[in-house]
Amino acid sequence: MAAVALALLLAGCGAGDPHPPLPRSAPGVGPDARWRPPSLSHAVAEASPVAGLRCSPGPGRGRYGAHLELFAARRVVIVAPGIGIAPPRRREGAYVRGGRCSYPVRTREPTGVIEVEPGAPRAPRLSDLFALWGQPLGRRRLASFRGPVEAYVGGRRWDGDPRAIPLTRHAQIVLEIGGHVQPHTRYRFPPGL
């Protein structure tokens, strides 16, 4: 399971080679449920407004992708599929294909790809994803992990509050707590994102 999750997570990373080799020192997924937080918060289950975002039926237009990688104790934390998608959900294996409605910030797969729809009341930030996920995020908290959070955007250190990181088109975001993992500078997004 850990090898499959890691392969999915790293599948879009790389520059020119369509199938770059995995680094020998690639971190695995953490050993217990803390490294695999569930995707459904109470507010999303109820399709209630979250952080000023509303759940809307039907796909939005002009969506784009951002990518998020999370590490705790030098292990991968899975960004769950289905964040920001209200039940009942339609699943296809590890992917969430749809639900009753979805928010303008959501995930459909366990790779860290975030779909963002422009036209939200304000520019979406990483705090919006974590609010929809129902997971805490701050300078000293990343989901169930506590300690200093290091953030990187496009491979460069982000010195501000990680909650304020904008979810811009093709942003590559890495958050780490409890040890350093060399951040990727970019991600190869699927067509249409």
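The values are calculated or read from the model by the stated rules, or taken from the named source; none is laboratory data. This structure is a prediction, so every number in the text was calculated from the model and none was measured. Neighbour counts are summed over all protein chains in view; Cβ atoms, including those assigned to glycine, are modelled from backbone coordinates with ideal geometry.
Assorted remarks:
- Of all residues making up segment 46-76, the number that are part of a strand (DSSP E or B), farther than 18 Å from Asp128 by Cβ and of a type outside the set (Lys, Arg): 3
- Here Ala43 clears all of (1) touching a helix residue (DSSP H, G or I) at 6+ places or on another chain (Cβ under 8 Å); (2) hydrophobic (A, V, I, L, M, F, W, C); (3) at pLDDT 90 or above except the condition numbered (3).
One line per residue, one yes/no per condition, for (1) closer than 21 Å to Pro37 by Cα; (2) crowded, with 16+ Cβ neighbours inside 10 Å; (3) of a type in the set (Phe, Trp, Tyr); (4) modelled with pLDDT under 95:
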| site | (1), (2), (3), (4) |
| --- | --- |
| Leu53 | no, yes, no, yes |
| Ser56 | no, no, no, yes |
| Pro59 | no, no, no, yes |
| Gly62 | no, no, no, yes |
| Leu68 | yes, yes, no, no |
| Ala72 | yes, yes, no, no |
| Ile78 | yes, yes, no, no |
| Pro81 | yes, yes, no, no |
| Ile85 | yes, yes, no, no |
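- Selected residue [free of Cβ contacts under 8 Å to residues at least 40 places away in the same chain and over 20 Å from Gln172 (Cα atoms)] from Arg54, Arg36, Arg90, Arg100: Arg90
- Strands (runs of 3 or more DSSP E) (entirely within segment 128-183) containing at least 2 residues that are under 13 Å from the mean Cα position of the chain (by Cα) and in contact (Cβ under 8 Å) with a residue 60 or more places away in the chain: 172-177
Results for (1) within 21 Å of Arg61 (Cβ to Cβ); (2) among the hydrophobic types (A, V, I, L, M, F, W, C); (3) surrounded by 15 or more Cβ atoms within 10 Å (Cβ to Cβ), shown as yes or no for each residue.
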{"site": "Pro104", "(1), (2), (3)": "yes, no, yes"}
{"site": "Pro148", "(1), (2), (3)": "no, no, no"}
{"site": "Gly155", "(1), (2), (3)": "no, no, no"}
{"site": "Glu176", "(1), (2), (3)": "no, no, yes"}
{"site": "Val181", "(1), (2), (3)": "no, yes, yes"}
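- Whenever a residue of segment 57-86 is more than 28 Å from Thr185 (Cβ to Cβ) and touching a residue at least 40 places away in the same chain (Cβ under 8 Å), its partners that are among the small types (Gly, Ala, Ser) and surrounded by fewer than 23 Cβ atoms within 10 Å (Cβ to Cβ), lying with C-beta atoms within less than 6 angstrom and at least six residues away or across chains, give the pairs Ile85/Gly99; Ala86/Ala47; Ala86/Gly99.
- Meets criteria (surrounded by fewer than 16 Cβ atoms within 10 Å (Cβ to Cβ) and more than 25 Å from Tyr152 (Cβ to Cβ)) for Pro118: no
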